[in-house]
Amino acid sequence: MKMGDTMLNLYVLDAVSSKKVPAEIDPASKEDFAATHDWQTNWESTYARQLPNKVALHREDNYELLGLMSYELDERGLAVEVLYMESARHSNANLLRVEGGQKKYIGIAKALFAYAVQVSLDAGFDGILIFKAKTSELLNYYMEKFGARQVASYDPFRLVIWEDAAVDILSDFIMEVSDDGPERT
């Protein structure tokens, strides 16, 4: 995805080696949804099928599915609303905690948030995101790791990522583009 003289250079980290694994976002496919039968949410369900703007995060080299996200542009709120986001089973902390397993990749949510921030910027919404945390643990995680802030006391799980936090998320994934080709910043 390109914007001006910069381009998103998404990646996740291999949980064992901590090496960067290049990733890309594509429109989610039937094959992506079919791979979610043992995820926390089956993306072939009636609920998931009706979600708009579904995208998939894949490894660039072997196209392994890393996560899925649905979002919509909130024209009234001047933000991108992340309706649902989920890491693949192999890296989903909620599922792995129950099974006692270890994550395969780290940073799936951050890469998906970076993409959503870019969509928000492209729409003229200054990178602002709104979303709901599913659990108290995720609420604290999003506030600590991504600078999310609670929107109102009536729903403490409703969060916003403002411009400053959005820039911080995006900064790890920006690549400068010159006439000589991309250059990592």
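The values are calculated or read from the model by the stated rules, or taken from the named source; none is laboratory data. Source: prediction; values computed, not measured. Quick reminder, even Gly has a Cβ in these numbers, built from the backbone with ideal geometry, and neighbours come from all protein chains shown. With ligands, DNA and RNA removed, areas are computed over all heavy atoms of the protein, side chains included. Shrake-Rupley method; radii C 1.70, N 1.55, O 1.52, S 1.80 Å.
So which residues in segment 43-65 are within 21 Å of Tyr105 (Cβ to Cβ) and surrounded by 12 or more Cβ atoms within 10 Å (Cβ to Cβ), if there are any at all?
Of everything in segment 43-65, those that are within 21 Å of Tyr105 (Cβ to Cβ) and surrounded by 12 or more Cβ atoms within 10 Å (Cβ to Cβ) turn out to be Trp43, Lys54, Val55, Ala56, Leu57, His58, Arg59, Glu60, Tyr63, Glu64, Leu65.
If only one of Tyr115, Tyr154, Tyr105 is among the hydroxyl-bearing types (Ser, Thr, Tyr) and without any contact (Cβ under 8 Å) to a residue 40 or more places away in the chain, which one is it?
Values: Tyr115 fails: without any contact (Cβ under 8 Å) to a residue 40 or more places away in the chain; Tyr105 fails: without any contact (Cβ under 8 Å) to a residue 40 or more places away in the chain.
Just one listed residue meets the conditions, Tyr154.
Give the residue that is farthest from Thr36 (Cα to Cα), with candidates limited to residues of segment 56-68 that are assigned to a strand (DSSP E or B) and out of contact with any helix residue (DSSP H, G or I) (no Cβ under 7 Å at 6 or more places or on another chain). Spell out the reasoning first.
If we filter segment 56-68 for residues that are assigned to a strand (DSSP E or B), which is where we start, we get 56-59, 65-68.
Right, trim to out of contact with any helix residue (DSSP H, G or I) (no Cβ under 7 Å at 6 or more places or on another chain) and you get 58-59.
On the way: His58: 14, Arg59: 16 Å.
Among residues in segment 56-68 that are assigned to a strand (DSSP E or B) and out of contact with any helix residue (DSSP H, G or I) (no Cβ under 7 Å at 6 or more places or on another chain), the one farthest from Thr36 (Cα to Cα) is Arg59.
Restricting the search to segment 90-128, which residues are outside any loop (DSSP other than H, G, I, E, B), modelled with pLDDT of 95 or more, open to solvent by 40 Å² or more (accessible area, probe 1.4 Å) and touching a Ser or Thr at 6+ places or on another chain (Cβ under 8 Å)?
Of everything in segment 90-128, just one residue is outside any loop (DSSP other than H, G, I, E, B), modelled with pLDDT of 95 or more, open to solvent by 40 Å² or more (accessible area, probe 1.4 Å) and touching a Ser or Thr at 6+ places or on another chain (Cβ under 8 Å), namely Ile106.
Out of segment 69-89, which residues are within 15 Å of Gln40 (Cβ to Cβ) and part of a loop (DSSP other than H, G, I, E, B)?
Ala88
Does Glu24 count as without any contact (Cβ under 8 Å) to a residue 24 or more places away in the chain and either aliphatic (A, V, I, L, M) or surrounded by 13 or more Cβ atoms within 10 Å (Cβ to Cβ) (or both)?
no
Can you pull out the residues in segment 66-80 that are open to solvent by 40 Å² or more (accessible area, probe 1.4 Å) and either free of Cβ contacts under 8 Å to residues at least 12 places away in the same chain or under 13 Å from the mean Cα position of the chain (by Cα) (or both)?
Glu75, Arg76
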